[in-house]
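The values are calculated or read from the model by the stated rules, or taken from the named source; none is laboratory data. All figures in this text were calculated on a predicted structure; none of them were measured in a lab. Cβ: placed from backbone, ideal geometry, glycine included. Neighbour counts: every protein chain shown. With ligands, DNA and RNA removed, areas are computed over all heavy atoms of the protein, side chains included. Shrake-Rupley method; radii C 1.70, N 1.55, O 1.52, S 1.80 Å.
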Amino acid sequence: MRRRTPPPPAPLPQREGVDPVRVRLPADGAWATVREHLVERLTGAGPGTVESMFAAGLVVGADGRAVAPDAPYRPGMFVWFHRDLPAEVPVPFPVEVVYRDEHIVVADKPHFLATTPRGMHVAETALARLRRELGIPTLTAAHRLDRLTAGLVLFTVRPEERGAYQGLFRDRRVRKEYEAVAPYDPALVLPRTVRSRIVKERGVQAAREVEGEPNAETRVELTGHREGLARYRLLPATGQTHQLRVHLNTLGVPILGDPLYPEVTPPVPPGDFRRPLQLLARSLEFTDPVTGTAHTFASRRGLRAWTSYDAWAAGG
């Protein structure tokens, strides 16, 4: 089996901790020029945007030189450019570094901060922030945590080692423990293991459970309850999108502050950081695939609905 040739290194530096966009021209196509292809591909950029980028010399090839507006289309060619960063409301909570060595960084992410650039969240992400704050432009995420979920995220320092750390999650060699605050149901028998098939369709906010072979598994334990609320320990064996949120909702105890389960609610205005989702990635345990060190990391964050429900509910 022939290995795919890796792309050449980016000829443009990062901007605000964000990598330039890399585009590889498809093998098939009837475009006469590189510009024609990008105009068709980047339809969301707005009329005239691509033409302006070429005119300003902002689209470059592997040698770092500007690609001319009339440069002929060459299948397999790579080009790079920087996207216009969207206007983002700063998330007013720090990303705390729990551990750092020459191979990895373990960060304690706050609620509301995306892990990696995506959509309207680009510079205001944990990855971009850490690149800027730690001065590590090669930093990448080994896995992702939902924007609304707080807690531990593993980042890798060296690009050539990223696959080894990603493999930990792919092969289920990481023990992940989460904590959630949700309603207390005395009739719910716990602990139990929930298994179901979860699908997440592109363009649809909420995931859903369907018939079929399970692809999601979570052990749910009760660690305490008072005044109608409960604190749950969640031990996922798999990592489907929104898995923990879906499984607690299925049990009839949706996580407090969840805007998608059991019902999709209208989006809150930008800058509204009240009543965060009460879900926390509490701990990570794994054996480092590069150094062989056994690691155990714990989040220093807490869930406010458990420690001070009235303040959380009031949005204070």
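Just a few scattered comments:
- In the range 273-280 there is at least one residue that is crowded, with 22+ Cβ neighbours inside 10 Å and more than 20 Å from Arg175 (Cα to Cα).
- For Thr296: the one exception among (1) over 30 Å from Glu102 (Cβ atoms); (2) within 22 Å of the chain's Cα centre (by Cα): (1)
- Candidates Arg233, Arg197: the one that is surrounded by fewer than 15 Cβ atoms within 10 Å (Cβ to Cβ), assigned to a strand (DSSP E or B) and touching a residue at least 12 places away in the same chain (Cβ under 8 Å) is Arg197.
- Single residue of Pro276, Pro259, Pro254, Pro270 found to be touching a helix residue (DSSP H, G or I) at 6+ places or on another chain (Cβ under 8 Å), part of a loop (DSSP other than H, G, I, E, B), under 26 Å from Glu96 (Cβ atoms) and in contact (Cβ under 8 Å) with a residue 12 or more places away in the chain: Pro276
- Ala182 falls short on exactly one of the conditions (1) in contact (Cβ under 8 Å) with a residue 12 or more places away in the chain; (2) outside any loop (DSSP other than H, G, I, E, B); (3) over 24 Å from Glu221 (Cβ atoms); (4) not charged (D, E, K, R), and that condition is (3).
- Qualifying residue in the range 81-91 (condition: of a type in the set (Phe, Trp, Tyr), in contact with a Pro (Cβ under 8 Å, 6 or more places away or on another chain) and closer than 22 Å to Leu279 by Cβ): no
- On inspection, Leu244 fails the criterion of being in contact with a Leu (Cβ under 7 Å, 6 or more places away or on another chain), farther than 19 Å from Pro183 by Cα, in contact (Cβ under 8 Å) with a residue 24 or more places away in the chain and surrounded by 21 or more Cβ atoms within 10 Å (Cβ to Cβ).
Results for (1) without any contact (Cβ under 8 Å) to a residue 60 or more places away in the chain; (2) open to solvent by 40 Å² or more (accessible area, probe 1.4 Å); (3) among the β-branched types (Val, Ile, Thr), shown as yes or no for each residue.
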{"position": "Leu127", "(1), (2), (3)": "no, no, no"}
{"position": "Leu130", "(1), (2), (3)": "no, no, no"}
{"position": "Phe155", "(1), (2), (3)": "yes, no, no"}
{"position": "Ala207", "(1), (2), (3)": "yes, no, no"}
{"position": "Gly228", "(1), (2), (3)": "yes, yes, no"}
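- Subset of the range 200-230 (residues that are acidic (Asp, Glu), in contact with a helix residue (DSSP H, G or I) (Cβ under 8 Å, 6 or more places away or on another chain) and not in a strand (DSSP E or B)): Glu227
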